[in-house]
Each structure stands twice: as structure tokens, then as C-alpha cells.
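Student: Quick one: the structure is below, and I'll ask about it shortly.
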Amino acid sequence: MTAIVATTIGSVLVVALIVAARRAEAASRARELHASSRWRVPGRLRPTLAHALASADLHVTPESAVEAWIGGTLAAGLVAMLMIPAMVVPAVAMCTVGGPVGLHLARTRHERHFAVALPAALEQVAAELRGGGSVASAVERIGESSSPVARDLGRVHRRTRLGLSFVDALSAWPEEHDAPGVRAAAGALAVATTMGGRAADAIDGLASSLRHRLDAVAEAQSLSTQARMSAVVVGAAPLGYLVFASLIDARSVTALVTTSVGRVCLVIGLGLEALAALWIRRIVRSEA
């Protein structure tokens with residue numbers, strides 16, 4: 001009976017998510033038109049959450065992120081209640097903590113995407129110069145694209161439309177986005193503004209240099225992959241065993257969450273797990 005109920009609820013959720021995905025664009029536009037009537041994250045927390053979402057390269061509003069987080073937590077609790085009632089509290093707790101933790105772990109995602117896209121953007125500028133165009137036109141075109149660099153170069157283009165010179169608009173870029181390669185890219189584009197097509201080779205050389213730097217960083221990370229995987233396996237093994245034990249013998253999990261001794265053991269175990277994860281992370285970082 002439980003399997004039938006779970007299957008029915010799962011099917012309904014899948015259909016609802018498909019319908020919601022098809023209407024997502026229209027719904028987002030409607031929310032923009034009626035933003036004043038929608039609830040908002042408290043003022044002090046909203047800028048922090050918006051910055052964290054942007055750093056994780058998640059293009060959603062803080063309100064949408066909070067709704068998805070709460071919805072996922074409730075869904076996990078519902079599934080646990082239907083399958084293994086004793087796992088409701090651990091499932092809800094893990095989802096509640098998992099949202100902020102996942103957002104924290106993904107805090108460098110936008111910077112990684114930006115670093116990868118910057119050489120390609122410079123090569124696009126060089127191609128524009130060789131074709132007889134200008135740096136400003138290339139920046140305008142990139143600013144209208146979906147590249148991770150588009151937001152920065154879009155601000156540069158908007159400043160030029162407000163009357164600021166292109167070189168002055170570029171000078172503010174490194175101050176707003178202090179990422180590796182930004183200062184060199186801003187300087188190269190400023191020089192190319194006055195030199196024209198003759199600077200295409202220099203911009204291509206800078207793009208190649210930035211790409212070689214990324215390759216060196218990627219090679220260093222690949223050398224530490226074994227240590228990272230070992231850390232993941234060692235850290236996930238206790239949690240995996242807990243899930244496996246709950247599927248094989250639910251009574252063991254029931255004793256763990258319903259008795260005083262079991263709760264103490266669960267809290268101590270989770271605390272040691274968190275401490276070990278921090279320790280292993282520090283070791284892996286020092287070796288990398």
C-alpha cells in the first residue's frame with residue numbers, strides 16, 4: 001500500500017513539475033509585473049542571499065531560492081514519512097542544512113565560469129578587430145550575450161552610453177571585479193582602443209596566456225583528485241551505511257532516533273562526521 005501511495009504521489013509531482021517548467025517563463029514575467037504583492041526575504045538577509053546566489057552562478061531571486069529550499073525539504077520529509085517514518089527528522093535536518101551548505105560549497109562557481117569565459121571573450125574582441133570592427137562594438141556584442149563575462153562588459157558599455165569615455169569605463173572594471181586576469185584584460189582593451197587592429201595579436205596572446213594559466217590550475221587540481229575522492233568516500237561512508245541500515249533493518253534506525261542513548265550517539269556521530277570533514281578538507285587543501 002505504501003509503495004502505491006508513494007508511486008501515485010511521485011507521478012503527480014512529476015506532472016506538476018513538468019507543467020511548472022513549461023510555465024516558468026510566463027510566471028517569472030508575471031512575478032516581475034506584480035513584484036510588490038509577493039513576499040520578500042527580510043531586508044538584512046536578502047543582499048547576503050542574493051550575493052551568495054550570484055557567486056554560485058544561480059540566476060534566481062532570493063525568494064525563489066528560499067521557496068525551492070523549503071519545498072525540497074518538505075518533499076524529502078514526505079517521502080521519508082511514507083517509506084521510513086523514523087527517517088523523517090534526519091531527512092528534514094539534512095535537507096535543511098544541505099541548502100546553505102551546498103550554496104557555500106558552490107560560492108566559487110561563478111568565478112570559475114568567469115575565468116574560463118574571459119579568454120574566449122578576449123579572442124572574440126581580437127576577431128572583431130581583425131574584421132575591421134572596434135573594441136567598443138565587440139564589448140557591446142559580448143555584453144548582450146549569455147557569457148559569464150557579459151554582466152561586467154555590459155556595465156562597461158552602459159557607462160559609455162551615459163557619456164563616460166571607453167577607457168575610463170574600463171578602468172572601473174578591475175575595481176568592481178578583482179579576479180585574476182581582469183586587470184590585464186582591461187588594460188589590453190584600453191590600449192587596443194587607440195591601436196585598433198594592430199592590437200589583435202596582443203589580445204590573442206593575452207587570451208592564450210590566461211588559458212595556459214587555467215590549464216596549470218586544472219592540472220594541479222587533477223593531481224589532487226585521488227586525495228579528494230578518498231576524502232569524499234571516507235566522509236560519505238558513515239552516512240551511506242546509515243541509509244543502507246535503514247533500508248535493511250528499520251528497527252536499528254528507530255532505536256537511533258527514538259531512544260535517549262540513540263539520540264546521543266546520533267548527535268555525537270554527526271558532530272564527529274562534521275569535524276572529520278573539516279579536518280580532511282584542510283589536509284586536501286594543504287596538499288593541493
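The values are calculated or read from the model by the stated rules, or taken from the named source; none is laboratory data. Because the structure is a prediction, the values reported are computed rather than measured. With ideal geometry, Cβ positions are generated from the backbone for all residues, glycine too; neighbour counts draw on all protein chains shown. Note: accessible area is taken over every heavy atom of the protein model, side chains too, but ligands, DNA and RNA are not part of it. Shrake-Rupley method; radii C 1.70, N 1.55, O 1.52, S 1.80 Å.
Student: Between A86, A76, A93, A68, which is part of a helix (DSSP H, G or I), farther than 30 Å from A185 by Cβ, of a type in the set (A, V, I, L, M, F, W, C) and in contact with a Cys (Cβ under 7 Å, 6 or more places away or on another chain)?
Tutor: Numbers: A86 fails: in contact with a Cys (Cβ under 7 Å, 6 or more places away or on another chain); A93 fails: in contact with a Cys (Cβ under 7 Å, 6 or more places away or on another chain); A68 fails: in contact with a Cys (Cβ under 7 Å, 6 or more places away or on another chain).
One residue alone meets the criteria, A76.
Student: Which of (1) surrounded by fewer than 18 Cβ atoms within 10 Å (Cβ to Cβ); (2) modelled with pLDDT of 85 or more does L49 not meet, given it meets every other one?
Tutor: Here L49 meets the rest and fails (1).
Student: With the checklist (1) closer than 24 Å to D57 by Cα; (2) open to solvent by less than 10 Å² (accessible area, probe 1.4 Å); (3) of a type outside the set (V, I, T) in hand, flag the one item L189 doesn't pass.
Tutor: With (1) closer than 24 Å to D57 by Cα; (2) open to solvent by less than 10 Å² (accessible area, probe 1.4 Å); (3) of a type outside the set (V, I, T) applied to L189, the lone miss is (1).
Student: On to the next question. Only residues that are among the aliphatic types (A, V, I, L, M) and either within 14 Å of V139 (Cβ to Cβ) or open to solvent by less than 50 Å² (accessible area, probe 1.4 Å) (or both): list them for the range 161-183, please.
Tutor: Initial filter on the range 161-183 (among the aliphatic types (A, V, I, L, M)): 162, 164, 167, 169-170, 172, 179, 182.
Within the range 161-183, L164, V167, A169, L170, A172, A179, V182 meet the criteria.
Student: Additional query: Just the residues that are more than 20 Å from E128 (Cβ to Cβ), aliphatic (A, V, I, L, M) and surrounded by 14 or more Cβ atoms within 10 Å (Cβ to Cβ), please, taken from the range 204-216. Steps first, answer last, please.
Tutor: Of all residues in the range 204-216, those more than 20 Å from E128 (Cβ to Cβ) come to 212-216.
Add one more test, that the residue is aliphatic (A, V, I, L, M), and what stays is 214, 216.
L214, the sole residue that qualifies.
Student: Taking only the range 138-157 into account, find how many residues are surrounded by fewer than 15 Cβ atoms within 10 Å (Cβ to Cβ) and assigned to a helix (DSSP H, G or I).
Tutor: Here the count works out to 1.
Student: Kindly indicate which of R228, R151, R183, R159 is over 21 Å from V116 (Cβ atoms) and not aliphatic (A, V, I, L, M). Can you show your working first?
Tutor: Numbers: R228 fails: over 21 Å from V116 (Cβ atoms); R151 fails: over 21 Å from V116 (Cβ atoms); R183 fails: over 21 Å from V116 (Cβ atoms).
It is R159.
Student: Looking only at the range 253-276, which residues are charged (D, E, K, R) and either in contact with a strand residue (DSSP E or B) (Cβ under 8 Å, 6 or more places away or on another chain) or open to solvent by 50 Å² or more (accessible area, probe 1.4 Å) (or both)? Before the answer, list the steps.
Tutor: Looking only at the range 253-276, we keep the residues that are charged (D, E, K, R), and these are 263, 273.
If the condition is that a residue be charged (D, E, K, R) and either in contact with a strand residue (DSSP E or B) (Cβ under 8 Å, 6 or more places away or on another chain) or open to solvent by 50 Å² or more (accessible area, probe 1.4 Å) (or both), then R263 is the only one that fits.
Residue-by-condition table, conditions (1) in contact with a His (Cβ under 7 Å, 6 or more places away or on another chain); (2) closer than 25 Å to R213 by Cα; (3) open to solvent by 10 Å² or more (accessible area, probe 1.4 Å); (4) not in a loop (DSSP other than H, G, I, E, B):
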residue: G98; (1), (2), (3), (4): no, no, yes, yes
residue: V101; (1), (2), (3), (4): no, no, yes, yes
residue: R107; (1), (2), (3), (4): no, yes, yes, no
residue: L118; (1), (2), (3), (4): no, yes, no, yes
residue: L122; (1), (2), (3), (4): no, yes, no, yes
residue: E128; (1), (2), (3), (4): no, yes, yes, yes
residue: G133; (1), (2), (3), (4): no, no, yes, no
residue: R159; (1), (2), (3), (4): no, no, yes, yes
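Student: For the range 161-174, how many residues are in contact (Cβ under 8 Å) with a residue 12 or more places away in the chain and in a helix (DSSP H, G or I)?
Tutor: First pass over the range 161-174, keeping only residues in contact (Cβ under 8 Å) with a residue 12 or more places away in the chain: 166-167, 169-174.
Subset that is in a helix (DSSP H, G or I): 166-167, 169-171, 173-174.
The number of residues fulfilling the criteria is 7.
Student: Give me a count of the residues in the range 201-216 that are among the charged types (D, E, K, R), more than 12 Å from P180 (Cα to Cα) and under 26 Å from the mean Cα position of the chain (by Cα). Let's see the steps before the verdict.
Tutor: Looking only at the range 201-216, we keep the residues that are among the charged types (D, E, K, R), and these are 201, 204, 211, 213, 215.
Subset that is more than 12 Å from P180 (Cα to Cα): 201, 204, 215.
Next, only the ones that are under 26 Å from the mean Cα position of the chain (by Cα) stay: 215.
Residues that pass the stated criteria total 1.
Student: Filter the range 70-111 down to the residues that are touching a residue at least 40 places away in the same chain (Cβ under 8 Å) and not aliphatic (A, V, I, L, M), then identify the one that is nearest to V243 (Cα to Cα). Write out each step before concluding.
Tutor: Our first condition is that a residue be touching a residue at least 40 places away in the same chain (Cβ under 8 Å); within the range 70-111, this holds for 75, 78-79, 82-84, 86-87, 89-90, 103-104, 106-111.
Of the ones still in play, those that are also not aliphatic (A, V, I, L, M) are 90, 104, 107-111.
Values: P90: 10, H104: 25, R107: 28, T108: 30, R109: 30, H110: 33, E111: 35 Å.
That would be P90.
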